[in-house]
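Reviewing the structure listed below.
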Amino acid sequence: MKISIERATLLKAVAQAQSVVERRNTIPILANVLIEAEGDTVSFRATDLDIEVVDKAAAQVERAGATTVSAVMLHEIVRKLPDGSLVQLADDSAAGRLTVTAGRSTFNLATLPKEDFPVMATSEYTSKFSADAKTLRKLFDKSKFAISTEETRYYLNGVYMHVATGEDGQVLRCVATDGHRLARIDSPLPAGAEGMPGVIVPRKTVNELRKLLEDDEAQIAVSVSETKVRFATPQITLTSKVIDGTFPDYTRVIPMGNTRKLEVDAKEFANAVDRVATVSSERSRAVKLALDEDRLVLSVNAPDSGAAEEELAVAYGDERLEIGFNAKYLLEIANQVDRENAVFLFNSSGDPTLMREGGDTSAVYVVMPMRV
Amino acid sequence: MAHPELFDLSIAHMDCDAFYASVEKRDDPELRDKPVIIGGGQRGVVSTACYIARIRGVRSAMPMFQALKLCPEAVVIKPRMSRYVEVSRQVRAMMEEMTPSIEPLSLDEAFLDLTGTARLHGAPPAVMLARLVRRMETELGISGSIGLSHNKFLAKVASDLDKPRGFAVIGRAETQAFLKTQPVRLIWGVGAAGQEALDRAGIRTIDDLLRWDRKELSQRFGQMGERLWHLARGEDNRRVTRDAAVKSISKETTFNEDTADRELLDGHLWRLAEQVSDRAKAKELCGGTVVLKLRRANFSLLSRRQALREPSQMADRIYRTARELLDHVTEPGPFRLIGVGIADLAPAARADLTGDLLDPDAARRAQAERATDAIRKRFGSDAIVKGRSLRGRTPG
């Protein structure tokens, strides 16, 4: 194999590859990226056995062929090359070396035979549809903060993507929860997604997917089977196993009967929460919300370090209510609001609270209160 | 009971007999004459076995399959922590009527200092303690054993001498003679590892220990040597105190045979998490960090820690976190010891403050298992302030 490729193009492809490979893996080939050159394209394939990403880039192919080389090292090298350089990759399979040349720099990297590279088994995708980047961005960006990191409840370590019935009929829905908070995000159901099996998309896949969604206009081809999910643009194909588990029945935990309504400017609210929480040095900082006629008093009382209070003018017309939350959780959900006011719906100080953006029910958040 | 010093001794150790099992038997009289094993939780290691099961050879920390081989007709019950906390509170209340000087060690055992209470109660400590166990039997339906002596070490040793329903006394006069014949493992804190170290120095009985010079002992065994020198002489001047500055709470088990069996390690993990939780509840504390400890066959130590989202004292939370840590240990083993602990301690009032959306009962269970209420009632908010100042001494 011998190719010439622009540094910027190469950097983008190997950046994605190196973020997929597992840093601390014990199987050497999994640290490598498989480079395959053919015609006028070169593809970069990386996998951790759960996720596989293939990045296709235009290149000048002098000699077709394939090899594998350390993804992290190649990325480091390309990153350090001057912008605008033309990079040449040439492999000598007999010597087991890949030569990287750019300007006056030459690198010789150890390779492993391409035959050893594990290629993910293909899957029979039962559903295929197309969604625009903007839609998928909303679905995943707004839900991923709630993904659990607790591995004993592994079925919560991802976003549950499925078809559900919303207020105006069927929707494509993403739900994530860690037991303390929950995000439920809806979007109109794309044609062809009906009957799609619900899948739990792992956290790492959600993060990798994000890189495919930068361009608003991009159309993403989504393929789903019971065990795998694939997101593809003309350049990049991201294939991932889904989490083998049952996502809990989240509908039971979304409070429907909460009537005490607070409306507040989300930005102002988040800033105030952030300010008062400063006085607490604990990991889980509790903020108390005291609500009264159009008045919200946020307070933190940390016996060891201090106390803080801030008053906000809000819209609230119900009975007096005092309720505590973990400051971080409040901040995270308030930060999801980007257009209108944040609307909180409370029941009692011990019950889950619901939050949405204005009257929009396509994105709802639930947060558990904290005893204060 | 007759003992020349019976009315002069005032440091006691109360230890309930097969506590979890006794509570279960009391709640379900059908179990009374059956062998009962408390354990399971996740995968089986015995937490507690009733005395009927013990006669058959069942011991705590034994893998469940082995216990059931010894005693196939045993009734296995999953621990009901909130129930045990409830009964523990009732026992605590009875003890508090006797003296404010109580040092709970776990849900089912505590030290009591009854010095100077004879006049108040019109009866010497020995009589008061006998009344305590009688009340526990008649009012709560559980039995306990009492050790009475002149310090904590000997009181604890004594409570174990005559179990169950024991009442043993070690007076000053017979302290030396009694200790002389005992094995060193009798000494509290001498675990399997310590025992091996002592063994290598040719120390097997307390009598062996007495032959060592104080300096030699501390040179060879450091701080432990100093302690051993005193304890071998029956000297222990630690006070009975509720507020000893605890930095961490941990429990560990050394296996009879080194093991690489993950299922077995997991079973122990659950049991140990339960014990840690039990002690945390007794001490009104919770932990912000969970620690897992494994000792390799070559005695080197592997330790992992994980900060919790919020402090906890729940066995389930401690177990789940320790389990994650264990899952991340890629070393296959074998290991000779496993331990679980909590650190970054805080007052129990700060534990488990946020409920779980997916487990609505969790908050209620946490509440039920929290033992603070009893203390608050009895000692007012002062008890809570003490807890806070305690936190100041440990890095948050």
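What is the mean projected area of the alpha carbon convex hull for the range B:232-339, to one decimal in square nanometres? The partial results should precede the final answer.
Working: hull surface 33.5 nm².
So the mean shadow area of the Cα hull is 8.4 nm².
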Over all distinct alpha-carbon pairs, what is the Kirkwood Rh of the range B:69-218 in angstrom?
17.9
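Would you compute, from DSSP H runs of 4+ residues alone, the mean residue ellipticity of chain A at 222 nm, taking -39500 (n - 2.57) per run and dividing by the full residue count, rounded to the nearest 500? Mind dumping the intermediate values first?
Values: 6 runs with 61 residues, N = 372.
Value at 222 nm, helices only, nearest 500: -5000 deg cm²/dmol.
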Got a sec? Which residues of the range A:271-286 lose 50 Å² or more of accessible surface with every protein chain in place, vs. that chain alone, 1.4 Å probe?
A:E282, A:R283
Sorted from largest down, give the three principal axis spans of the alpha carbons of the range A:150-309, whole angstrom values.
54, 35, 34
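Let me confirm one metric for peptide B:59-69, namely the mean number of other chain beta-carbon atoms within 10 Å of its residues' beta-carbons. Write down the numbers at each step before the final one.
On the way: counts 0, 0, 0, 0, 0, 0, 0, 0, 0, 0, 0.
Counting other chains' Cβ atoms within 10 Å and averaging over B:59-69 gives 0.
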Cleavage-rule hits (trypsin sites (Lys or Arg not before Pro)) in the range A:316-372: DSSP loop, at most 11 neighbouring Cβ within 10 angstrom:
A:R320, A:R339
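According to the Cα gyration tensor, what semi-axes, each the square root of 5 times an eigenvalue, does the equivalent ellipsoid of the range A:286-372 have, listed from largest to smallest in whole Å?
Each semi-axis is the square root of five times an eigenvalue, giving 21, 15, 13 Å.
Checking an interface number: how much accessible area is buried between B and A, summed over both chains, with a 1.4 Å probe, in Å² rounded to 100? Each step should come with its number before you reach the end.
Numbers: alone 18680 and 17710 Å², together 33940 Å².
Counting both chains, the buried surface is close to 2500 Å².
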What is the sum of charges around A:L109, taking Lys and Arg as +1, Asp and Glu as -1, for the other residues whose C-beta is under 12 Å from the C-beta of A:L109?
-2
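Within 10 Å of each Cβ in peptide B:349-355, how many partner chain Cβ atoms are there on average? Round it to a whole number, please. Kindly include the intermediate steps, with their values, before the conclusion.
Numbers: counts 1, 4, 1, 2, 10, 14, 9.
Counting other chains' Cβ atoms within 10 Å and averaging over B:349-355 gives 6.
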In vacuo Debye sum over C-alpha of the range A:8-160, base-10 log of normalised intensity I(q)/I(0) at q = 0.09, 0.14, 0.15 Å⁻¹, listed in q order, is -0.37, -0.81, -0.90
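Relative to 2.2 N^0.38 Å, what does the C-alpha radius of gyration of chain A come to as a ratio? Two decimals please.
Here the Cα radius of gyration is 1.19 times the empirical estimate.
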Cross-link pairs A:K328/B:K283; A:K12/A:K328; B:K156/B:K247; A:K2/A:K204; A:K128/A:K204 - those with Cα-Cα distance over 25 Å
A:K328/B:K283; A:K12/A:K328; A:K2/A:K204
What's the long-distance tail for the range A:129-199, i.e. % of Cα pairs beyond 16 Å?
47
Got a sec to turn the phi values of the range B:262-268 into Karplus ³J(HN,Hα) couplings, 6.51 cos²θ - 1.76 cosθ + 1.60 with θ = phi - 60°, whole Hz, x for Gly and Pro?
5, 4, 5, 4, 4, x, 5
Note, ³J(HN,Hα) from phi for the range A:329-335, Karplus 6.51, -1.76, 1.60, rounded to Hz, x at Gly and Pro
5, 4, 4, 4, 6, 5, 6
On the first, second and third principal axes, largest extent first, how far apart are the outermost C-alpha atoms of the range B:55-151 in Å?
53, 27, 23
From the gyration tensor of the Cα coordinates in the range A:222-372, what semi-axes in whole Å does the equivalent ellipsoid have, largest first, with each one equal to sqrt(5λ)?
34, 19, 16
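Just need the Rg to Rh number for the range B:1-117, please, alpha carbons only, Kirkwood Rh.
Values: Rg = 16.9 Å, Rh = 15.8 Å.
We get a ratio of 1.07 for the range B:1-117.
Take the eigenvalues of the Cα gyration tensor for the range B:121-183, scale each by 5, and report the square roots as semi-axes in whole Å, largest first.
Values: eigenvalues 114, 41, 9 Å².
Working from the Cα gyration tensor, I get semi-axes of 24, 14, 7 Å.
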Can you give the accessible area of A:I243, probe radius 1.4 Å, in Å² rounded to 10?
30
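Going by average Cβ neighbours within 10 Å, how do the peptides A:33-46, B:130-143 rank, with the highest at the top? Write out the running numbers ahead of the final one.
Values: A:33-46: 20.7, B:130-143: 16.0.
Those peptides, ordered most packed to least, come out A:33-46, B:130-143.
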From the residues B:G341, B:S300, B:S312, which one has its Cα farthest along the dipole of the range B:276-352 in the positive direction, the dipole being from +1 and -1 charges on Cβ of Lys/Arg and Asp/Glu about the Cα centre?
B:S300
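Ordered by packing density, taken as the mean number of other Cβ atoms within 10 Å over each peptide's residues, highest first, how do B:299-310, A:54-65 rank?
Working: B:299-310: 14.4, A:54-65: 17.0.
Output ranking for B:299-310, A:54-65: A:54-65, B:299-310.
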Mean per-residue count of partner chain Cβ within 10 Å for A:251-259 equals 1
Sorted on mean Cβ neighbours within 10 Å (highest first), peptides A:126-134, B:154-162 come out as B:154-162, A:126-134
Considering only protein heavy atoms and a 1.4 Å probe, what is the carbon-and-sulfur percentage of the accessible area of the protein assembly as shown?
48
So if we plug the beta-carbon distance of A:E214 and A:T101 into 1/(1 + (r/R0)^6) with R0 = 25 Å, what FRET efficiency do we get, rounded to 0.05?
0.25
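Do any GluC sites (Glu not before Pro) in the range B:18-126 lie in a loop, going by DSSP, with at most 14 other beta-carbon atoms within 10 Å of their beta carbon, and if so which?
Numbers: sites: B:E24, B:E30, B:E73, B:E86, B:E96, B:E97, B:E109; in loops: B:E73, B:E97.
Filter output for the range B:18-126: B:E73, B:E97.
Any idea what % of Cα-Cα pairs in the range A:90-235 are farther than 27 Å? Mind showing how you got there, number by number?
Values: 3975 of 10585 pairs.
Here the tail beyond 27 Å accounts for 38 percent of pairs.
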Using only alpha-carbon positions, what ratio does the radius of gyration of chain B give when scaled by 2.2 N^0.38 Å?
0.99
If the viscosity is 0.890 mPa s and the temperature 25 °C, what Stokes-Einstein diffusion coefficient in µm²/s follows for the protein assembly as shown when Rh is the Kirkwood radius over Cα pairs?
80
Rg over Rh [alpha-carbon atoms, Kirkwood Rh] for the range A:13-87
0.97
Ordering A:R153, B:R242 by the accessible surface of their heavy atoms, 1.4 Å probe, largest first, yields B:R242, A:R153
Sorted by accessible area with a 1.4 angstrom probe, largest first, how do A:M73, B:M64 fall?
A:M73, B:M64
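The values are calculated or read from the model by the stated rules, or taken from the named source; none is laboratory data. Keep in mind that this is a model prediction, so the values were computed, not measured. Here the Cβ is made from the backbone with ideal geometry for all residues, glycine too, and neighbour counts use every protein chain on show. Accessible surface areas use protein heavy atoms only, side chains included; no ligands, DNA or RNA. Shrake-Rupley method; radii C 1.70, N 1.55, O 1.52, S 1.80 Å.
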